[in-house]
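Worksheet for the structure shown next.
The values are calculated or read from the model by the stated rules, or taken from the named source; none is laboratory data. Since we're looking at a predicted model, the values are computed, not measured. Virtual Cβ from ideal backbone geometry, glycine too; neighbours counted across all protein chains shown. Accessible surface is based on the protein model in full, side chains and every heavy atom, while ligands, DNA and RNA are left aside. Shrake-Rupley method; radii C 1.70, N 1.55, O 1.52, S 1.80 Å.
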Amino acid sequence: MNNAFDIYAEIGELRAELAECILTRKERAETQARLDQLLAEADRRREAEEA
């Protein structure tokens, strides 16, 4: 369960970074890609718990 918290904590950090930090185009793209990966993983875990 601690792992799920880690994912949601990182999602929050990445969202804050995208909203608040000055990033290069490359950094923004990398951050957005990581956020997309984590959101997909969180969805998969949620679906697995519901099944």
Handout entry: Subset of the stretch 1-10 (residues that are of a type in the set (A, V, I, L, M, F, W, C), open to solvent by less than 90 Å² (accessible area, probe 1.4 Å) and without any contact (Cβ under 8 Å) to a residue 24 or more places away in the chain)
Key = A9
Completion exercise
(1) more than 11 Å from the chain's Cα centre (by Cα); (2) aliphatic (A, V, I, L, M); (3) modelled with pLDDT of 95 or more all hold for A4 apart from (3)
Fill in the blank from the handout: Subset of the stretch 39-51, residues more than 8 Å from the chain's Cα centre (by Cα) and assigned to a helix (DSSP H, G or I), comes to A40, E41, A42, D43, R44, R45, R46, E47, A48, E49, E50
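When you go through E49, E13, E41, E20 one by one, which is the residue that is out of contact with any helix residue (DSSP H, G or I) (no Cβ under 7 Å at 6 or more places or on another chain) and surrounded by 11 or more Cβ atoms within 10 Å (Cβ to Cβ)?
Working: E49 fails: surrounded by 11 or more Cβ atoms within 10 Å (Cβ to Cβ); E41 fails: out of contact with any helix residue (DSSP H, G or I) (no Cβ under 7 Å at 6 or more places or on another chain); E20 fails: surrounded by 11 or more Cβ atoms within 10 Å (Cβ to Cβ).
Result: E13 is the single residue among E49, E13, E41, E20 that is out of contact with any helix residue (DSSP H, G or I) (no Cβ under 7 Å at 6 or more places or on another chain) and surrounded by 11 or more Cβ atoms within 10 Å (Cβ to Cβ).
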Practice task
Collect the residues in the stretch 23-38 that are more than 22 Å from E49 (Cβ to Cβ), open to solvent by 70 Å² or more (accessible area, probe 1.4 Å) and either outside any loop (DSSP other than H, G, I, E, B) or hydrophobic (A, V, I, L, M, F, W, C) (or both), keeping them in residue-number order.
Solution key: R25, K26, E27, R28, E30, Q32, R34
